[in-house]
1. Across the stretch 228-267, what is the number of residues that are within 16 Å of the ligand (Cβ to nearest atom) and not in a helix (DSSP H, G or I)?
2. Is it the case that the stretch 1-9 has a residue that's free of Cβ contacts under 8 Å to residues at least 60 places away in the same chain and not in a loop (DSSP other than H, G, I, E, B)?
3. Can you run down the residue pairs with Cβ atoms below 8 Å, 6 or more apart or on separate chains, where the first is in the stretch 173-200 and touching a residue at least 40 places away in the same chain (Cβ under 8 Å) and the partner is surrounded by 18 or more Cβ atoms within 10 Å (Cβ to Cβ) and aromatic (F, W, Y)?
4. Of all residues in the stretch 156-201, which are within 20 Å of the chain's Cα centre (by Cα), buried (at least 16 other Cβ atoms within 10 Å of the Cβ) and in a loop (DSSP other than H, G, I, E, B)?
5. Please enumerate the residues belonging to the stretch 233-266 that are farther than 24 Å from A192 by Cα and either touching a residue at least 12 places away in the same chain (Cβ under 8 Å) or within 17 Å of the chain's Cα centre (by Cα) (or both).
6. If you take the residues in the stretch 94-105 that are without any contact (Cβ under 8 Å) to a residue 60 or more places away in the chain and more than 16 Å from the ligand (Cβ to nearest atom), which one is surrounded by the most Cβ atoms within 10 Å (Cβ to Cβ)?
7. Tally the residues that are within 26 Å of R241 (Cβ to Cβ), away from the ligand (no atom under 16 Å from the Cβ) and not acidic (D, E), restricting the search to the stretch 133-170.
8. Return the residue satisfying two criteria in turn: it lies in the stretch 1-56 and is within 13 Å of F87 (Cβ to Cβ) and out of contact with any strand residue (DSSP E or B) (no Cβ under 9 Å at 6 or more places or on another chain), and of such residues it is surrounded by the fewest Cβ atoms within 10 Å (Cβ to Cβ).
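Bear in mind these aren't lab numbers, they're just calculated from the coordinates by the rules spelled out. Just so you know, these numbers come straight off a predicted model, no measurement behind them. FYI the Cβ positions are ideal-geometry reconstructions off the backbone, even for glycines, and counts take in every protein chain you see.
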Amino acid sequence: MRPTDPRFTGIGLGLRAPLAEAIVHRAPPSLRWLEVSPENHVNRGGSFVRMLHEARAKFPLVTHGLTMCPGSTDPLDRAYLTDLAAFVRAVEAPWHSDHLCFGHRDGVFLHDLLPIPFTRDAAAHTAARVREAMAALPVPFALENLSWYAHPGEAELDEAAFIRAVLDASGAWLMLDVNNVYVNARNHGFDAREFIDALPLDRVVQMHVAGHLVAEHGFRIDTHGEPVCDDVYDLLHYALRRTGPVPVLLERDHNPPPWEALVDELDRLDAIWRDATGVTP
Ligand SMILES: [Fe+2]
């Protein structure tokens with residue numbers, strides 16, 4: 001059974017320093033929970049500690065990591081996993097997620113979320129590392145589908161089959177990023193709804209939506225720095241109809257707009273969530 005938590009229903013927002021004051025003091029009723037990245041808080045002090053403390057006093061928190069890179073070939077960083085488990089426990093997150101990506105090589109962190117080759121070997125390798133990470137975490141773990149711009153080498157599987165293979169072999173859950181599906185569908189020329197239909201939707205614990213940049217020749221770049229586009233709102237509605245009432249997070253990491261504009265996005269997401277699920281959060 002998919003993990004659920006009654007504190008996490010409807011719409012959430014990523015806790016980011018430029019938004020923190022407004023989140024704590026001017027949140028609309030449509031905002032019900034927050035997502036935090038442990039990497040922004042572990043072993044940091046000052047304003048980061050204060051921000052987390054104030055946010056926690058008002059909202060339930062779920063955690064979303066940036067640096068596990070389960071597709072990498074280096075051994076997992078045990079110190080990172082120990083700190084991560086302690087943080088997840090301290091904020092009482094109901095589950096933890098990170099990206100289905102590659103990102104380290106020979107001890108060097110590449111500071112990017114790079115795609116893993118869609119091969120059976122890579123799926124088995126990644127699933128083994130995910131199982132190892134899951135054993136170190138105190139809560140269920142979910143993997144997020146990436147936006148990616150070029151596939152490394154020859155693919156044996158399509159992306160949905162690759163995701164399914166990793167989830168089946170590891171027992172991890174799925175963090176479905178609807179904007180990433182849309183960006184990939186537009187850049188690589190496939191149907192976003194068919195892609196969503198091909199995923200193991202019973203394994204979705206949470207979704208992400210975000211805005212992306214439309215660059216030259218219509219190429220889409222996942223920036224988290226633009227408003228969510230109409231097509232992504234429509235795709236979210238479609239996905240929620242298929243999954244049922246899974247909590248949805250708005251990611252806004254760059255170019256923070258006036259708070260009123262973000263509130264409009266949260267309210268629109270809330271209306272879509274209620275309409276698609278038939279549930280009042
Ligand atoms: Fe995301």
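1. Final tally of qualifying residues: 11.
2. The answer is no; no qualifying residue exists.
3. Correct list of pairs: W173/W95; W173/F141; V181/F195; A192/Y182.
4. A172, L199
5. The answer is H254, N255, P256, P257, W259, A261, L262, V263.
6. Ranking the candidates gives F102 first.
7. 8
8. N43
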